[in-house]
Amino acid sequence: MTWRAAAYAFGAYAALAVVITFPLVLNLSAALPHDLGDPLLSTSILWWNAHTLPFSERWWNGFAFFPAPGMLAFSDHRLGASLIASPIQWLGGSDITAYNLTLLLTFPLSALAAHFLGWTLTKRHDAAAICGLAYGFNPYRIAHVEHLELLAAYGMPLALAALHRFAECRRAKWIALFAVALIVQGLSTSYFLLFFCVMLALWLPWFVRWRDWRFLAAAALGGLCAAAVLSPIIVGYLRIHHGYAMTRGFREVLAFSADVSSFAAASPLLSLWGWTSALAASERQLFPGLAVTAIALGGAVLAVWRPRNRPAGSAAPSVLFAALGCAALLAAASVRIAGTWQIGPLRVSEDVFKPQSVALVFIVLSVAALPATRRAFGRKSPLAFYLFASGFLFLCSLGPKPTFLGTQVLYEPPYAWLMRLPVFGSAVRVPARFAMPAVLALATASAIGFARLTRGRPRVRRWAFACAACGIVADTWTGGLPMVAMRSTWSPERAAGVSSVLELPLGMIESDVAAMHRATRHGRPTMNGYSGFSPPHYAVLRRALGEGDRTVLDEVAAQGPVLVALDRRADRDLRLRALVEAVPGATNEGFEGRWAFFRLPGGGNRYDARSGMDTTAPANCGQANTVTGITGPEGVSDIRTLFDGDPMSGWTSRDPQRAGDLLVVTAAGARPTCSVSLSLGAVPELYPGSVAIELSLDGLQWDTVFTGETGGRAMAAALRDPEHSPLVFRWSGTPAKFIRIRLLTSHPIYPWAINEIVVRSTS
């Protein structure tokens, strides 16, 4: 593929991108596409990347969620997109312009990379253009038009093309290109780099035989070079996520797994298929396009049914596996009709997804046992591989418990096995994003299929290409990308002389993202934030502000002089304003448009902001006391979970917090106690809203040592020790055998949770 051909292809794809995303080109500096959530977040991160040295401590800490460190590791860092966006800003373009141009360029860049892959496999530019159009302008991309990091997916096809080229000529430059493509993809989207590794694990045994150790060594060397370059990012993410004990729960993974119906669900932005969006939410709209699917399948059918392509060999094993698969399907169907049944040792329960899984295994074995499949593997057929890969990767997108219209249909699919690996099991939330490498495989298969369908038919090739290209574009036609203008802001000069900014109300996506973007204007970190992960203290801050707990603002003020910007339109009952004005030393800084401004002085709270402990309490509190019993509102079945050091285990009440609920801790003896620590673990937002702590020698007469709200303490605890979030209460040494913690307020939603309890005594 010559540079001139690449330039012509890029120009054509760029022109199509302008049309598909219209009117984006007319609003490059004035508006963002789709919404002001993720696009504005990406805009802010791109600005940060252009104005801060990557991998420095300041870069990692970012500009939001102050004072929590490591903000850049809470989501993708967008360094790959910054390869385009940063030079635009350095040359004088605004961050909005840089975002929009970068978004626009992801379409032709992805299409060109896929074009190169298609050309490598077919040596025909018309077939390569089918691949470029099918991948660069796929309906799945439109479903994620607000996620810039997911659109920057041009590293995967480039890496595959480099491997195919190296297989042809064994020149080192192609392994170098392979490594560069992996690096670019890793800088762009961590999801796709990880998922692409699964695709490579399929590619290598299909195209490379184990005796070809030189190829395997070269590919491994390219992968190791890419890993070395990306290691600062990998180490940084691991360090920060470990410090916060950030993991993805199984429920999250299930919620962001695709449904079988997702393959028929498309973005509402599509002109032709938008009506299918009701079938699934945006993350689960995986419709790959009708035209590309038809072309790929058409090429496969032609490859199998042409007489000269029919290999010799027995189909008996395939027929046997097919029969067993049909039997398993009949067993599953019988349960739906007649219910559970058993014949001797064979029992079919109501879990029909298990026999359905057995049926799928036999069907796959049946296909694998076909003479045509064996011949395709022996010939290293690209068409067969990319069809197989697309099916496998789409299956992975269904997650660990595949469903159809919400009902589980398979047991222990491939993704369930992937979750046994460290990263897949703890850090990946959205299996549905396997759809992007699956779409790449399908687009590649369509290019090969098109080449086969039109081989030896020069008269129909042009018409066939025109029809195929029009079909692919029609599947992705938007009829106009929605553009959202930037909202009103306030003068950056108001943030002069403060250490950080807090915008109220807090906790709504668009307002928090807007606060993050304003931080790039006034140059002070904001306490607001929105990202893939949130630091533990943020949920505490959001809850405490919603409940009117002023102690959390005392903790905010302890971080240094803080500017509070209050949106008066969202505070018509003046509740937030009264809360801010009640902070000792708070001063009114005037108004600007719909904004009211206040300045909170640094320090002055009654407990240390970094330790979460009373400043009036003794500095040294003594040793841990032995606890012999705990009784709670519903009883505590196994108190060992409160002393095992595991922040993920503990006790949680069955019901939401209720005023009057008691937790009584019994110590080993009547010793002078001076503190109790209630660790909140990974869910500090389940702190007790307002409590009274009482001591007793006999369990009959009680002395109160603390009464009040605890939001500020919980926030300080989550900042000081994010993994355990120890909520510490101290008092002067008082003899006691029983410590009673009594809830003074109720909460309609949150239960009461404690992960660890430590009672300390002075002797």
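Checking Tyr411, Tyr386 one by one, the residue that is assigned to a loop (DSSP other than H, G, I, E, B) and either of a type in the set (A, V, I, L, M) or more than 23 Å from the chain's Cα centre (by Cα) (or both) is Tyr411 and no other.
Consider Phe55 carefully, then state whether it is surrounded by fewer than 21 Cβ atoms within 10 Å (Cβ to Cβ) and touching a residue at least 24 places away in the same chain (Cβ under 8 Å). For Phe55, the condition - surrounded by fewer than 21 Cβ atoms within 10 Å (Cβ to Cβ) and touching a residue at least 24 places away in the same chain (Cβ under 8 Å) - is met.
On inspection, Ala68 passes the criterion of being assigned to a loop (DSSP other than H, G, I, E, B), buried (at least 21 other Cβ atoms within 10 Å of the Cβ) and in contact with a Pro (Cβ under 6 Å, 6 or more places away or on another chain). Of the residues Thr704, Thr666, the single one that is without any contact (Cβ under 8 Å) to a residue 24 or more places away in the chain, outside any loop (DSSP other than H, G, I, E, B) and either surrounded by fewer than 22 Cβ atoms within 10 Å (Cβ to Cβ) or not assigned by TED's automatic domain parsing to the domain that holds Arg543 (or both) is Thr704.
How many residues does the stretch 122-157 hold that are outside any helix (DSSP H, G or I) and under 28 Å from the mean Cα position of the chain (by Cα)?
Within the stretch 122-157, the first condition is being outside any helix (DSSP H, G or I), and the residues that meet it are 123-124, 137-138, 144-147, 152-154.
Next, only the ones that are under 28 Å from the mean Cα position of the chain (by Cα) stay: 137-138, 144-147, 152-154.
Result for the stretch 122-157: 9.
Taken over the stretch 268-282, residues that are in contact (Cβ under 8 Å) with a residue 12 or more places away in the chain and within 22 Å of the chain's Cα centre (by Cα) amount to 4.
Looking at the stretch 689-698, is at least one residue of a type outside the set (Gly, Ala, Ser) and more than 20 Å from Gly632 (Cβ to Cβ)? Yes: one or more hits. Does Trp47 count as touching a residue at least 12 places away in the same chain (Cβ under 8 Å), under 25 Å from His537 (Cα atoms), over 20 Å from the mean Cα position of the chain (by Cα) and assigned to a helix (DSSP H, G or I)? Answer is no for this residue.
Among the residues of the stretch 370-390, is any more than 16 Å from Leu286 (Cβ to Cβ) and touching a strand residue (DSSP E or B) at 6+ places or on another chain (Cβ under 7 Å)?
Taking the stretch 370-390 and keeping what is more than 16 Å from Leu286 (Cβ to Cβ), we get 370-388.
Those left that are additionally touching a strand residue (DSSP E or B) at 6+ places or on another chain (Cβ under 7 Å): none.
The answer is no, given that none of the residues of the stretch 370-390 is more than 16 Å from Leu286 (Cβ to Cβ) and touching a strand residue (DSSP E or B) at 6+ places or on another chain (Cβ under 7 Å).
If you go through the stretch 438-467 and keep only what is within 17 Å of Ala303 (Cβ to Cβ) and over 30 Å from the mean Cα position of the chain (by Cα), you end up with Ala447, Ile448, Gly449, Phe450, Ala451, Arg452, Leu453, Thr454, Arg455, Gly456, Arg457, Ala464. Does the stretch 520-539 contain any residue that is farther than 18 Å from Pro69 by Cα, touching a strand residue (DSSP E or B) at 6+ places or on another chain (Cβ under 9 Å) and of a type in the set (Lys, Arg)? Checking the stretch 520-539: not a single residue is farther than 18 Å from Pro69 by Cα, touching a strand residue (DSSP E or B) at 6+ places or on another chain (Cβ under 9 Å) and of a type in the set (Lys, Arg).
Can you say whether Pro431 is surrounded by fewer than 21 Cβ atoms within 10 Å (Cβ to Cβ) and either in contact with a strand residue (DSSP E or B) (Cβ under 6 Å, 6 or more places away or on another chain) or within 20 Å of Leu194 (Cβ to Cβ) (or both), as far as the supplied structure shows?
On the way: surrounded by fewer than 21 Cβ atoms within 10 Å (Cβ to Cβ): no; either in contact with a strand residue (DSSP E or B) (Cβ under 6 Å, 6 or more places away or on another chain) or within 20 Å of Leu194 (Cβ to Cβ) (or both): yes.
Against the criterion (surrounded by fewer than 21 Cβ atoms within 10 Å (Cβ to Cβ) and either in contact with a strand residue (DSSP E or B) (Cβ under 6 Å, 6 or more places away or on another chain) or within 20 Å of Leu194 (Cβ to Cβ) (or both)), Pro431 does not qualify.
Close Cβ contacts (under 9 Å, 6 or more residues apart or on different chains) running from residues in the stretch 200-222 that are outside the structural domain of Phe392 (by TED's automatic domain parsing) to residues that are crowded, with 17+ Cβ neighbours inside 10 Å are absent.
With the condition being within 21 Å of Phe392 (Cβ to Cβ) and within 21 Å of the chain's Cα centre (by Cα), I'd like the helices (runs of 4 or more DSSP H) fully within the stretch 158-267 carrying at least 2 qualifying residues.
Values: elements: 172-188, 190-207, 213-244, 250-255.
So the answer is 172-188, 190-207, 250-255.
Remark: pairs (first residue in the stretch 283-301, crowded, with 20+ Cβ neighbours inside 10 Å; second residue part of a loop (DSSP other than H, G, I, E, B) and of a type in the set (Gly, Ala, Ser); Cβ separation under 6 Å; 6+ apart in sequence or on different chains) = Arg284/Ala258; Gln285/Ala265; Gln285/Ala266; Gln285/Ser267; Leu286/Ala258; Phe287/Ala265; Phe287/Ala266.
Every residue, every condition in (1) surrounded by 14 or more Cβ atoms within 10 Å (Cβ to Cβ); (2) out of contact with any strand residue (DSSP E or B) (no Cβ under 8 Å at 6 or more places or on another chain); (3) farther than 30 Å from Leu28 by Cα, yes or no:
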{"position": "Val460", "(1), (2), (3)": "no, yes, yes"}
{"position": "Cys467", "(1), (2), (3)": "no, yes, yes"}
{"position": "Cys470", "(1), (2), (3)": "no, yes, no"}
{"position": "Met483", "(1), (2), (3)": "yes, no, no"}
{"position": "Arg487", "(1), (2), (3)": "no, yes, no"}
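Counting the residues of the stretch 78-87 that are closer than 11 Å to Trp47 by Cβ and either in contact with a His (Cβ under 9 Å, 6 or more places away or on another chain) or part of a helix (DSSP H, G or I) (or both) gives 3.
The values are calculated or read from the model by the stated rules, or taken from the named source; none is laboratory data. Owing to the predicted nature of the structure, the values given are computational and were not obtained by experimental measurement. Here Cβ is always computed from backbone atoms with ideal geometry, including for glycine, and neighbour counts include all displayed protein chains.
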